[in-house]
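Everything on this sheet refers to the single structure shown next.
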4 protein chains.
Amino acid sequence: MKNIPSPPQDRSSLLSDLVIANRILADQDVVDGYGHVSVRNPAEPNHFLISRWLAPDLVTEDDIVELNFDCDPVNGDKRKLYSERFIHSEIYRLRPDVKSIVHTHSPSVVLMGVCGERLVPIYHMAGFIGAGVPVFDIRKSSGMTNMLVNDAKRGKALAQKLGNASGSLMRGHGGVTVGSCLSQAVGRSVYLKINAELQSRVLGRKIASLASEEARLADSGNQDFPKDWDLWKRKVMAKK
Amino acid sequence: MKNIPSPPQDRSSLLSDLVIANRILADQDVVDGYGHVSVRNPAEPNHFLISRWLAPDLVTEDDIVELNFDCDPVNGDKRKLYSERFIHSEIYRLRPDVKSIVHTHSPSVVLMGVCGERLVPIYHMAGFIGAGVPVFDIRKSSGMTNMLVNDAKRGKALAQKLGNASGSLMRGHGGVTVGSCLSQAVGRSVYLKINAELQSRVLGRKIASLASEEARLADSGNQDFPKDWDLWKRKVMAKK
Amino acid sequence: MKNIPSPPQDRSSLLSDLVIANRILADQDVVDGYGHVSVRNPAEPNHFLISRWLAPDLVTEDDIVELNFDCDPVNGDKRKLYSERFIHSEIYRLRPDVKSIVHTHSPSVVLMGVCGERLVPIYHMAGFIGAGVPVFDIRKSSGMTNMLVNDAKRGKALAQKLGNASGSLMRGHGGVTVGSCLSQAVGRSVYLKINAELQSRVLGRKIASLASEEARLADSGNQDFPKDWDLWKRKVMAKK
Amino acid sequence: MKNIPSPPQDRSSLLSDLVIANRILADQDVVDGYGHVSVRNPAEPNHFLISRWLAPDLVTEDDIVELNFDCDPVNGDKRKLYSERFIHSEIYRLRPDVKSIVHTHSPSVVLMGVCGERLVPIYHMAGFIGAGVPVFDIRKSSGMTNMLVNDAKRGKALAQKLGNASGSLMRGHGGVTVGSCLSQAVGRSVYLKINAELQSRVLGRKIASLASEEARLADSGNQDFPKDWDLWKRKVMAKK
C-alpha cells in the first residue's frame, strides 16, 4: 500500500468525517448492525478513534471514544465498547502506515471467506486485491472460539495474517480493510464487497481478472476515492 | 438453546415491542404480506400474543390478540385470525423454554427447504444453525395438503420435527425460528434468511462452515441481539 | 383455475383498483417501464379496461381506456395505445373465465423463458404453477419478428399456447398471468416473479417442488390475495 | 444501428436532458460514483457535452462542459475533467452516426467482460446486443496499464474495437453504449446491465437467446425508449 501523506486533519473535522464514515458504511450496505470503522489519531499515533458499542448507522460525535493500544479509553469513558476493538489496536500497532481500519460482516465478503476460492481483483476499483487478501482462520491461532477477535492475542493473530495486505477475510465472520486515510479504508470496504459479490457469482470459472501489475497500477490511482466520498457523503447528509 | 431469564416485561411494553417486531420483520425483508410473530404471555404461560389476520407491516397494538393453546382468543375477540396460528400454540406447548416464535416465507429460506442440502452455519451471527435446522415436510404427517399448518395436528407435527432446535425449514412453504425472548426469535429469523441466502449461492460446494463447537459458542453470545434491535427499531420508528 | 364469482364491482371502484394495480406492479418490481394490466368490463364482457400507452407507475384514472376485442377504443379515444393490447383481447376472447390479465418483463420471468427448464411450483404461494406454465415461442407461429404480440394473430397464438393455464412465459420477452379477478392476476404476477427468481438460482438441481395435488390445493386458497392486496395498496397509497 | 434523424434540440433543452440523463443513470443503478454520459453538440458535431469531474448523481447544468476532440474545454474552463473523456472523443470521431455515449462500471457488465462467455440478447429490450458486443481488452493495445482509457491512443483503440456495434464491454473495467440520441444510449446502458445480470446467472447453460434477425427487428423498435425516459425522468424529478 502506498502511503501518500495527506494534509493533517484537525480533530474536529476528523471526528465529523468518522461519523460520516459510519453512516456511509451503513448507507452503502457494507455494514448492518455490526462492523466498525476507526482512524488513528494523527496527533497521538498510538491512539485511535472509534465509536462506543453502537450500530454504525446510529453513531454521532458524542459516541466517539479515543482508545490506546490496550483498548482502554484515554479519558476514562465508562460506556460499553466494541468487544472486537482489538482488531484495530493490533493492526495499528503492527502497521504504522495504516491510518484507518474498517471491519464488516458484508454477506458476500463472509461468503468469499468460506468458499475455498482465492479472492482476485475483477476490476480496477478493487485493484488493492491484487496484492493478496489473506483469509484469517481464528481456529489456527485460538482453537475453538465464538469467532470474535475480542482480545489482544486474537487481534495480533489477525494483524499478522493481514501482513502487508490492504485487506483480509475472516472465516465465518467477515473482513477487514485498511487504508492510508479514512476514505481509502472505507472505499476499499465498498469495493471489497462488490468484488466479492461478483466473484461469488462465478465460482469455479476461469475469469480474466487483473494481472498483478494492472492491479498495482489501478490501486495506486485509488488513494482516497474522492469522487465516491463526495457522493456517499451527500447521500447520508441528505438523510439527516 | 440457552434460556437466560430476562427481567419480566409489563404487558404494555410487551405489546409495544410485538408491534415493533412485526414492523421490523417487514422492514428487514424477512416477511412480505405473510408470516407472523408471537410472544408467550409471561403472566400466563399457556397464552400467547399475536396479531389478528393482517400483513405484519400493518399491525398496530389494537390488532394484537391473546390466544390460548386451542388458538381461541381468550377475550372472545371475533376478528379473523391467522389460519396458521397453530404453528405457535403447538411449539409453545412442547417447548416451555420458547418465549417467542417467528414464521416467515423468506424466499431464500423457502429455497433451502427444497434444494436438498442441509443448512449449515456460515458465520457467527447464525450460530444457532449449528445445532441443526430440520426440514419439516408436511406430507409425511398429513399427506396431500394445501401446505398450511392450519390445525393442531399439523402444528404438533411441526413442533415435533423442530424438537430442541432453534429453527426449522418447511418444505414448499417457509421457516420458523424460536427464541428465549422476542428479539432473539426476530434476530434468528433475520440471520436464518441471510445464511440461507449465502448458502444458496454455493450449493454443492464444500464450504468452511462453523464447527459445532464454534457455532455453539457463537450462538451463546447472541441472546437478544441488542445492537440489531436498537438499529432495527429506530429504522421502523423513523418511518412512522 | 377455479372461477369463484366475486360480487360485481361498480365501474368507479374498478377504475380505481385498476390504477392501484398498475402502481402495485411497479412498486413490487414486477414491471418496469413496460408491462400492462387489464380487467374485463363486468357490464360488457367483450370489452376490457386498460391504460393508454404509458409506463404503469404513471397511470391515473384519466389514462384508462375501454377497448373492444378488435382493440379499438369504444369511445373513439385517439390517444396512443399499447401495441401489445392484443395479448389481452385474444385471451379474453378464448377464456371466458379470465377477468384480469397482467403482462410483464420481470427479469427472472424472462430468464425462465429461455433457460430450457420447466417452471415448477417451489412454494404454496405459487401453487398455480403446478398446473403448468407453458412457454410461448412467437417464432413457431410467426417466424422472425420483433418479438411483440402486436396484432390479433399473434395474440391468438399466445392465447392458444396459454390454454387453460394461469400463466405463460414468453421466450425472449416476458410473461403473462391471468386471474378470476384483478387481485388474483396481480398476485400471480408477483409470485410468478418470486418463484422464477428462486428456481433460476437452482437450475439443474433436483428440487422438492410441490406435488400436483399440493399445488392445486394451495392454489385454491389463493383466490384473490386479500392480505397482499391490502399491504400492497397501502404501500402505493402512502407514496401518493 | 439505424440512425433516425430526430428534430434538432436547442442547447438549453439538451443541457437539461443531459443533467437528467446523469441522474437517471444513478437512479437506475447503472452508475455509482463513476461513469459518464455525453452528447454530441448538434450545432458543432466535432464537440461534445459532458460533465466536469463529478459523480453523475451530483451533476447540475453548471457542471456541463463542452469539449473538442482533443478533449479540451472550448471555453477555457479550468475545472478538473474526467480522465476518461477520451472514450467519448474517439468514438465520436470514428462514428459520425453516434450522438450520445454512456460509460459505466455496472457490476454485472464488469462480470460479463471477464467471464469468458459472449454476451447474447436474452430479450427484445436488449436487441442491440444481437449485432455483437465486443470485449475491449486494454492490454492488447497498451500493455500493462491502470486500466483507464485516459488518453487519445487508448480511446482510439476502444473505438476501433467497438467498430459498428452499439456497445462494448471493457475487461476489468466496465462497458460503453452508444446511440443515435441521448435516450437511446441511456436506454441501452440500462438494458445492457439487465441482460448482463440475467446472462451471468446462467453461465455455461444453453439458452434460447434471440436469433440475429429477431434481435435486429427488436432493436429497430427501440430508437429512443420514450416510455422508459418518461418514467425515469419523473422518478428523478420527484427526488429533487
Just the accessible area per residue of region D:4-55, please: how many Å² with a 1.4 Å probe?
38 Å²
Residue closest to axis [chain C; rotation mapping onto A; Cβ; Å]
C:Arg201, 5
Sort A:Glu66, B:Glu61 by accessible area with a 1.4 Å probe, largest first.
B:Glu61, A:Glu66
In region A:129-159, what residues drop by 40 Å² or more of accessible area when the other protein chains are put back, versus the chain on its own? Use 1.4 Å, and skip ligands and nucleic acids.
A:Met144, A:Asn146, A:Met147
Quick one: label points 7 angstrom along Cα→Cβ at B:Gly143, distances to the other copies in nm, smallest first?
5.5, 5.5, 7.8
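Of the heavy-atom accessible surface of region D:79-209 (probe 1.4 angstrom), what whole percent is carbon and sulfur? Spell out each step's value before the answer.
Details: 1950 of 3730 Å².
Its accessible area is 52 percent carbon and sulfur atoms.
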Anything losing 50 Å² or more of accessible area from the isolated chain to the full protein assembly: pick those residues out of region B:26-52, probe 1.4 Å, ligands and DNA/RNA ignored.
B:Tyr34
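What is the antiparallel percent of DSSP beta bridges lying wholly in the protein assembly as shown, to the nearest 5? Don't skip to the answer; put the middle values down first.
Numbers: 88 of 96 bridges.
Percent antiparallel among DSSP bridges in the protein assembly as shown is about 90.
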Based on alpha-carbon centroids, what's the gap between region A:141-185 and region B:177-195 in Å, whole number please?
27 Å
Cleavage-rule hits (trypsin sites (Lys or Arg not before Pro)) in region C:1-106: DSSP loop, at most 15 neighbouring Cβ within 10 angstrom:
C:Lys2, C:Lys78, C:Arg79, C:Lys80
Treating the point 7 Å from Cα along Cα-beta-carbon as the label, what are the nm separations from A:Lys206 to the other copies, to one decimal?
2.3, 2.3, 3.2
What lysines could a cross-link reach from C:Lys156, if we take a straight Cα to Cα line under 27 Å and drop same-chain neighbours fewer than 8 places away?
C:Lys2, C:Lys78, C:Lys80, C:Lys99, C:Lys140, C:Lys193, D:Lys227
Contour minus Cα-Cα span, D:Lys235 to D:Asp151, at 0.36 nm per residue, comes to 26.7 nm
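What quantity of accessible surface, computed with a 1.4 Å probe and excluding non-protein components, is buried in total between chains B and A, in Å² to the nearest 100?
Working: alone 11230 and 11270 Å², together 19940 Å².
Roughly 2600 Å² of accessible surface disappears when B and A pair.
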Here the correct list, in nm and shortest first, of distances from A:Asp72 to the same site in the other copies, label points 7 Å along Cα→Cβ, is 6.4, 6.4, 9.1
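Determine, from the Cβ-Cβ distance of A:Lys140 and B:Arg205 and an R0 of 25 Å, the FRET efficiency 1/(1 + (r/R0)^6), rounded to the nearest 0.05.
Numbers: r = 22 Å, r/R0 = 0.86.
The value I calculate is 0.70.
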Counting heavy atoms of the protein chains only and a 1.4 Å probe, report the per residue accessible area for region C:133-240 as a whole number of Å².
36 Å²
Virtual spin-label span in nm between C:Phe69 and B:Asp97, 7 Å along Cα→Cβ
6.6 nm
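The values are calculated or read from the model by the stated rules, or taken from the named source; none is laboratory data. This is a predicted model, so every value here is computed, not measured. Neighbour counts run over all protein chains shown; Cβ positions are idealised from the backbone, glycine included. These accessible areas exclude ligands, DNA and RNA; they are computed on the full protein's heavy atoms, side chains included. Shrake-Rupley method; radii C 1.70, N 1.55, O 1.52, S 1.80 Å.
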